[in-house]
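The values are calculated or read from the model by the stated rules, or taken from the named source; none is laboratory data. These numbers come from a predicted model, not from an experiment. Neighbour counts are summed over all protein chains in view; Cβ atoms, including those assigned to glycine, are modelled from backbone coordinates with ideal geometry.
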Amino acid sequence: MADIQVPVLGDPAERATPALTPGAMSGSKPYVAQAVHQQPLGFAGELPEDWQAKALGRMGELLGKYRSLQVFMDICVKCGACTDKCHYFIGTGDPKNMPVARQDLFRSVYRRYFTPAGKALGAVGLGSLVGAKEFTRELLDEWFNYFHQCSQCRRCSVFCPYGIDTAEVSMAARDVMNHIGMGHKYANEIIGKVHKIGNNLGLPGPALIDTLEGLEEDVKDETGQDVRFPIDVEGAEVLLVTPSADFFAEPHVLGLIGYAKVFHAAGISWTLSSKASEAGNFGMFIGNYEQMRKISMRIREAAQELKVKRIVFGECGHAWRVAYSFLNTLAGPWDFLDPRYPVPQHILEVTNGLIQRQGIKLDKSGNDGMVLTVHDSCNVARASRMGDCPGGQFTIPRDVIRASVPKFVDMHPDTTHEKTFCCGGGGGLLTDELMDLRVKGSKPRMEALKDVIDREGVTHMAAMCAICKAQFTKILPIYGYDREMVVSVHQLVSNAIVLGNND
Amino acid sequence: MTTLFAILFYTAFAVLLAGLGIKIAQYARTPAPLKIPTTPAPLTASGVAFRMGREVVLFESLFKSNKPLWIFAVLFHLGLFVVLARHLRYFQEPVWFPVALIQPFGLYGGLAMVGGLALLALRRVVLARIAYITAPSDFLMLALLLGIGVTGLGMTTLAHTDIIAVKAFFLGLLRFDPQPLPGDPALLVHLALVAVLMIVFPFSKLLHAPGVFFSPTRNQTDNPRERRHLSAWAAKLEMGKLESGRN
């Protein structure tokens, strides 16, 4: 692990932008995937001699398949509106972490090999006049480093006058690199585990059943209630698909207990699936439609095999993007499910609906002494929705939290809702060798959090994403805070929900 | 000189038309396989049209992003719009009433355009972040537009040209019967730069003008759960592998 430099936290209202420090993060990169992780996914095992031709071939294919990529390559005017918006730039000062500069690593190759001006000028060595560059090995290495310093959070795209989304470019770049044997070990190893075992953490069925039985006992001890954690139950109403971290990591598992209590209290029969024991879909991080589809099809198969009527997703940011925005495309149509419910639903939509019509009862005293704020997850905030209205992804989690805790305050408005900052570990970067980047990238969020801790006495920050929860659990102590400050939204529901017949 | 400029403008117009046509057809034909609107996004097509309208007319996202840049960009684009609209008079007889109406604002439009361009250029020199992302072509584009604006303003204020003859030249071009073009240097430079701009347009970042309408993050409706969105190539992929997921 690289040396970690902890940034000094300032005032979020000042929106300080760092001075440019070229090369500050030029050494930051994840491990390259080995053939054993590459080949099962159909990717090249290692960099071939003719990597450049292969990479350009794949680029051409993607440009023809994705309007986003083709249009974004052409229309950037280099206005710089995005330059101070990326958390990795704010945290590192490395100019190549400015969204437009990151895109330009890709765009310079596009201009050189795919545009008339770049081809003509590039052929006589004048490509730099129009921002065209030869695709050299050095540039490829920069691709690997800097496209793995993007968490695909889409904050830049909110501020771009043309909606150019660096996430689309970084996904395309990662896909090109996978096709020439320059994959990202962490992501591809995890995708392998999903295919082989069923979830990102490689938790086999028997261990899962064991864990769930343990949870039933724990909840029984704590509440005296027989709250079930069913798995592979045919004919259940709801199939719950949740990130596998929910099965044992803290605070994730406390959220899972919350979901179970909600279903229990509302009398909704539900089940997990050992086949689809993972909501996450790292196929998105590597920009590969086929992988994303293959991972999504497990959920379709599980839903059909278990003959459920509804599909509900647990708290996970990128999983919710794939679920909400892509699942119908990738694994639909869902005509065999109950048409009265959207497919899929978010657990927060379910819980919020139950609170609204008093299908469950909450007692805020269960969270006495806590002052909450909430971290909007990037993929929930800018790439999906909850509920019936635009922006439901902001109001519904807040409504559920407010109903569960005595006091709630929002962080600085530049850091919430559609302007939320990534936790610093999204987009497949939640790996130890990138810890320095993760710490620096969390700076804008930590500044905003420190601000409400100091001014409002905030004690906890709720998160609705497995990656955010894991990231903050690691990052908070590095900034001098308690790792238990980050909580699951449904952990708060779990503490507040009234079970049994005592109403 | 008249023949030279006639050929130049016919060529420039053909390149602009064909180039833009090819790019727009490419954008329209390239599929968008996934729903990727930047949310919160409108739930209906009319909502999307309204969002796109705000983006194109008011530069809404830029306003969120950077107020000084927004002011510079509005100055330039609004000025350019007024100037372009005012120039319609060179291509029509009789002149449309709205075009006649805005004639008095031409000078202000020109000043706004040139002022905006100068400020945009200054940013590229002064601000370290913007200087870092600027390529020579970015300056060339600004220089081209500044050249057009300054020569135009020059003819409006200092060195007037025979605009009756200029109009006759362009009306002649439209009828494939070119009339003599006045030989004033300012006019010839002005027109030559305009022709260059037309030729460069489809090969440059000026494609942002048609391109923004094709940006999936801004032109998609937020309704993925209600309507299944499937691109042609993804459907083909499904046909090949469908068996696995269906009973």
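Summary table
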{"item": "Neighbours by Cβ (under 9 Å, 6+ apart or cross-chain): first from region B:42-54, under 22 Å from residue B:70 (Cβ atoms) and away from chain A (no Cβ under 12 Å); second surrounded by 12 or more Cβ atoms within 10 Å (Cβ to Cβ) and hydrophobic (A, V, I, L, M, F, W, C)", "result": "none"}
{"item": "Some residue of region A:88-102 being at the interface with another protein chain (Cβ under 7 Å from one of its Cβ atoms) and not hydrophobic (A, V, I, L, M, F, W, C)", "result": "yes"}
{"item": "Residue within region A:44-62 that is in contact (Cβ under 8 Å) with a residue 60 or more places away in the chain, touching a Gly at 6+ places or on another chain (Cβ under 9 Å), among the aromatic types (Phe, Trp, Tyr) and buried (at least 23 other Cβ atoms within 10 Å of the Cβ) present", "result": "no"}
{"item": "Pick from region B:230-241, criterion of a type outside the set (A, V, I, L, M) and closer than 27 Å to residue B:21 by Cβ, ranking: farthest from the other protein chains (Cβ to nearest Cβ)", "result": "B:231"}
{"item": "Test for residue A:81: is it of a type in the set (A, V, I, L, M), touching a Lys or Arg at 6+ places or on another chain (Cβ under 8 Å) and either closer than 23 Å to residue A:187 by Cα or within 14 Å of another protein chain (Cβ to nearest Cβ) (or both)", "result": "no"}
{"item": "Total residues in region A:462-495, condition within 17 Å of residue A:372 (Cβ to Cβ), surrounded by fewer than 24 Cβ atoms within 10 Å (Cβ to Cβ) and of a type in the set (A, V, I, L, M)", "result": "2"}
{"item": "Qualifying position, being among the acidic types (Asp, Glu), more than 18 Å from residue A:488 (Cα to Cα), without any contact (Cβ under 8 Å) to a residue 24 or more places away in the chain and surrounded by fewer than 21 Cβ atoms within 10 Å (Cβ to Cβ), among A:432, A:454", "result": "A:454"}
{"item": "Breaking point among (1) under 21 Å from residue B:200 (Cβ atoms); (2) of a type in the set (Ser, Thr, Tyr); (3) touching a helix residue (DSSP H, G or I) at 6+ places or on another chain (Cβ under 6 Å); (4) facing chain B (nearest Cβ under 10 Å), for residue A:115", "result": "(3)"}
{"item": "Those helices (runs of 4 or more DSSP H) lying entirely in region B:155-229 with at least 1 residues under 30 Å from residue A:118 (Cα atoms) and either touching a Pro at 6+ places or on another chain (Cβ under 6 Å) or modelled with pLDDT of 95 or more (or both)", "result": "B:185-200, B:208-211, B:216-219"}
{"item": "Options B:61, B:65; residue that is in contact with an Asp or Glu (Cβ under 8 Å, 6 or more places away or on another chain) and facing another protein chain (nearest Cβ under 8 Å)", "result": "B:61"}
{"item": "Leading residue by the ranking (farthest from residue A:466 (Cα to Cα)) among those in region A:375-391 that are buried (at least 17 other Cβ atoms within 10 Å of the Cβ) and more than 8 Å from chain B (Cβ to nearest Cβ)", "result": "A:387"}
{"item": "Residues that are of a type in the set (A, V, I, L, M) and closer than 11 Å to residue B:33 by Cα, drawn from region B:215-239", "result": "B:230, B:232, B:234, B:235"}
{"item": "Number of the exception - residue A:225 against (1) touching a residue at least 60 places away in the same chain (Cβ under 8 Å); (2) buried (at least 17 other Cβ atoms within 10 Å of the Cβ); (3) over 22 Å from residue A:151 (Cα atoms)", "result": "(2)"}
{"item": "Odd one out for residue A:299 among (1) under 22 Å from residue A:469 (Cα atoms); (2) part of a helix (DSSP H, G or I); (3) among the hydrophobic types (A, V, I, L, M, F, W, C); (4) within 14 Å of chain B (Cβ to nearest Cβ)", "result": "(1)"}
{"item": "Residue match in region B:121-130 (condition: more than 9 Å from every other protein chain (Cβ to nearest Cβ), surrounded by 18 or more Cβ atoms within 10 Å (Cβ to Cβ), in a helix (DSSP H, G or I) and touching a residue at least 12 places away in the same chain (Cβ under 8 Å))", "result": "yes"}
{"item": "Residues (of a type in the set (Val, Ile, Thr) and either within 14 Å of chain A (Cβ to nearest Cβ) or surrounded by fewer than 18 Cβ atoms within 10 Å (Cβ to Cβ) (or both)) located in region B:175-228", "result": "B:189, B:196, B:199, B:200, B:212, B:217, B:221"}
{"item": "Top-ranked residue in region A:156-168 [being in a helix (DSSP H, G or I) and closer than 17 Å to residue A:81 by Cα; ranked as farthest from the other protein chains (Cβ to nearest Cβ)]", "result": "A:166"}
{"item": "In region A:108-162, the residues that are under 29 Å from the mean Cα position of the chain (by Cα) and β-branched (Val, Ile, Thr)", "result": "A:109, A:158"}
